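All of the numbers you see were taken from the coordinates with simple rules; none came from a lab. Values in this document were obtained by computation on a predicted structure and should not be read as measured data. Note: ideal-geometry Cβ built from the backbone for every residue, glycine included; neighbour counts use all protein chains shown.
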Amino acid sequence: MVLGWRGRKGKSKQSKGGKPVMEVVVPNHFRCPISLDLMKDPVTLSTGITYDRENVERWFEEGNITCPVTNQVVRNFDMIPNHSLRIMIQDWCVENRQHGVERIPTPRIPISPIEVAELLMQVKDSARVLDQYGCLELLQKMKKWGGESERNKRCIVDNGAPVALASSFDAFANDSVERNVVVLEEILSALNWMFPLQLEAHKSLGSLASLSCMVWFLKHQDLSGKEKSIVALKELLSFGDVQHVEALSQIEGVNELLVELINKRVSSTITKASLRVVWYLVSSSSNSSEKMKLAFVELGLVSSLLDILIDSDKSRYEKALAILDSLCSCEEGRNKACGNDLTIPLLVKKILRVSPLTTDYSVSALWKLCKFGEKDEGRTLLEALQVGAFQKLLLVLQVGCGDETKEKATELLKLMNPYRAELECIDSDYKNVKRSF
């Protein structure tokens, strides 16, 4: 009987003689009833139906409590490995190797919540006595478990690993970063695949000792260590805890370090995460927010952001414009921005060019510069008119935008209107737009 192997997608091939090459079909009882794909780790439920473990686990994680085939309510969620069927599938794969069928590997036994709990208890005990070598051995075991399957990773995270690792990180950081650098980096590496973290984990990772350790990593570690640290800082500040922002702002040299990472652009991950961390620092409701804005302005961050706006990708455009808009909220930031010849042309250029978010930030920054900028506001308005701001803002209102952006765009048009008679716009892209307002 001629069969077709569905394990590989594509059309039937032809031999050199022009005759079709027949492929084998996966037997129905080898297919998972949920995905209809060849089962790699068949398990049987209490209802007697066998499924691929990954598919049926996802089925239950989505909130279902019935057997997909029989629709019976499952009261016992134990999954019994069907070794006989798995061996039959492996033998069938070997027999059909000539048709491109690859043998499925023998699945590893998934870890249990009890095993995870025991391991985490040992991790916390090792951290309590500052046994970095014992802790490293346990972390390697956890890493091995997580590498075996996504299911194991979920089990590790769901049973308290982030909290245990964050508290261990804080314990070793409080002792000595230099002495415990290896175990600290290993903990941070593990935490990076457990984001987002729970509230309790945030508390430990947001301590002054932990934050200082991550800043130390940004200064002294290699590229991999820097990436793990800045990503962890970004995750921590994204939670919106003002105390974490205040604590980070107190660490000496953190502003200079973040600006340096943005300027060097050693990796996309570091640059994007650094921009996000800076944005959290300057846009928070903390008491140090205004102080941080001034510090970043004095470090030349405005010029760095404009450099990013010249040539970068969408994600960085949005982050850079968000920070620039925030810096324009203070007088020093507006003065720096107005003193750079690239500011107005770049802000106008990004309107309606990248994304709705970049349009919002560009209009907002332009509004702040024109309304609250230099004493001679006419100069800024004339410069904006020269590069086509009036036409761009009209288009913003025509295509639609948020209420706040709409109000700012309307006010900008009113501010610019008296100066329009003095200049003709030089942006040829918008010659056909109606000029009356």
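Rounded to the nearest whole Hz, the Karplus-based 3J(HN,Hα) values (6.51 cos²θ - 1.76 cosθ + 1.60, θ = phi - 60°) of the stretch 81-91 follow the sequence x, 9, 5, 4, 5, 4, 5, 4, 5, 4, 4, with x at glycine and proline.
Scanning the chain for GluC sites (Glu not before Pro) lying in DSSP loops with no more than 10 further Cβ atoms inside 10 Å, the longest uninterrupted stretch between such sites is 253-423. List the trypsin sites (Lys or Arg not before Pro) in the stretch 292-366 that DSSP assigns to loop (not H, G, I, E or B) and whose Cβ has at most 13 other Cβ atoms within 10 Å. Which are they? Loop-located and lightly packed - ARG353. Taking a sphere under 15 Å around the Cβ of HIS83 and counting the other residues whose Cβ falls inside, with K and R at +1 and D and E at -1, yields a net charge of +1. Here, the stretch 303-364 yields an orientationally averaged convex hull projection of 3.5 nm² when only Cα atoms define the hull.
At q = 0.11, 0.26 Å⁻¹, what log₁₀ I(q)/I(0) does a Debye calculation on the Cα points of the stretch 241-319 give, no solvent, two decimals? Debye curve over Cα of the stretch 241-319, log10 I(q)/I(0) at q = 0.11, 0.26 Å⁻¹: -0.26, -1.34. Overall, the ratio between the Cα radius of gyration of the stretch 142-296 and 2.2 N^0.38 Å, rounded to two decimals, is 1.01. If I compute Cα extents along the principal axes in Å from the structure I just sent, which labelled value in (1) 85, 69, 47; (2) 64, 62, 61; (3) 70, 54, 39 lines up? Read-out taken from this structure: (1). For the chain, adding -39500 (n - 2.57) for each run of n ≥ 4 DSSP H residues and dividing by the number of residues yields -18500 deg cm²/dmol at 222 nm. Computed over Cα pairs, the Kirkwood radius of the stretch 185-242 leads via Stokes-Einstein (1.002 mPa s, 20 °C) to a diffusion coefficient of 189 µm² per second. Dividing the C-alpha radius of gyration of the stretch 83-225 by 2.2 N^0.38 Å, with N its residue count, gives 1.32. Shape summary of the stretch 331-387, radius of gyration then Dmax from alpha carbon positions: 10.7, 32 Å. Neighbours of LYS203 by Cβ distance under 10 Å: Lys/Arg scored +1, Asp/Glu scored -1, total -3.
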